[in-house]
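Before any comments, here is the structure.
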Amino acid sequence: MSFPKIYIFLTTALIGAFLFAGCASSSNTSRYKNKNEKKPPTDPSVRFTSEERKNNYPKSETRADTVKYDLLNQDDEKLPDDETPIDISVLRSYSGNSPGSEGTVKEKMLMEIIKYLNTPYKYGGNSKEGIDCSAFTQTIFNTVFSFQLLRSARQQYTQGLTINHRENLQFGDLIFFNTRRSVKPGHVGIYLGENLFAHASSSKGVIVSSLDHEYYSRTFMGGRRIESLSTSR
C-alpha cells in the first residue's frame, strides 16, 4: 500500500475511533443521568417548568408551585378511617346568638365550612369537586376574611402567632398535625371550640372531627393564630 493510501486509511480510522468513543461516552452519561434523576408524577394534571426539570425538581419558593413539589416529596397521609364525623347541627349551635360583628363573622365562617362538608378529598384539589387540607383552610380564610394563607400545610405553619397548647386554642385558629414522615406538619384544620375542628380528611373528605380522638391527640403539633383577624371573630 502506497504512503498516501496508508495516510488516508490511518486518518480515517482515527477519526472513526474518536467519533465512536464520543458517542459511547455521551450515551453512557445520558443513561447514568436518567437513572438517577427524579421522574415526574403520574398525574397528568401536574405540570413542571423546564427549569424545574433541569434542576431535578427543586423546592419552589412560590405558592403556585408548592403542591407540585410536595407531590414528589410527601408520603401518604395516614388519617383514621374509623372515626364518626360530628353532626353538623353541633356546628350551628356554635355560631352564637349575640348581636354585633363578632357573632356575624363567626357564623359566616361556620356557614362556609358547612358548605364544604362531605366534599371529597383530592390531593392538590381546591374546589368543591375535590380539595385537600391546606386548600380547604386557604379557601375558608380567603372567603371569610379576604386573607390569603399560603398554599401548603408546612407553609401555613409559618404564619401567625404560635399556640403550643390545646387549652389555649380559640375559634378560628389553624391547627396542625404530624401525619407524614417526610414533611412536617402534614395536615391542617380549623379549630371550632369544644375540642372540635374542621378539616379535609384524606379518608373522609371535609368533616368535623374531635381532638379527643386518639390519633389527632397523638399527632397534634400546635396551632397558629392570625392576630390581625382574631378581633374580628
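The numbers here are math on the coordinates, done by the rules we state, and not lab data. Computed from a prediction, not measured in an experiment: that's the story for all the values here. Ideal geometry is used to build each Cβ from the backbone, glycine not excepted, and the neighbour counts take in all protein chains shown.
Quick notes on this one:
- Amide H to amide H distances under 5 Å link HIS187 with PHE177, THR179, where only residues 5 or more positions off or on other chains count and H is placed in the peptide plane.
- Links that overshoot a 24 Å alpha carbon limit, given the list LYS128/LYS184; LYS108/LYS184; LYS128/LYS204: LYS128/LYS184; LYS108/LYS184
- Most tightly packed first, judged by the mean number of other beta-carbon atoms within 10 Å of their residues, the peptides 194-201, 163-170, 207-214 read 194-201, 207-214, 163-170.
- Computed over the range 88-230, Cα set: Rg, Dmax in Å: 13.9, 46
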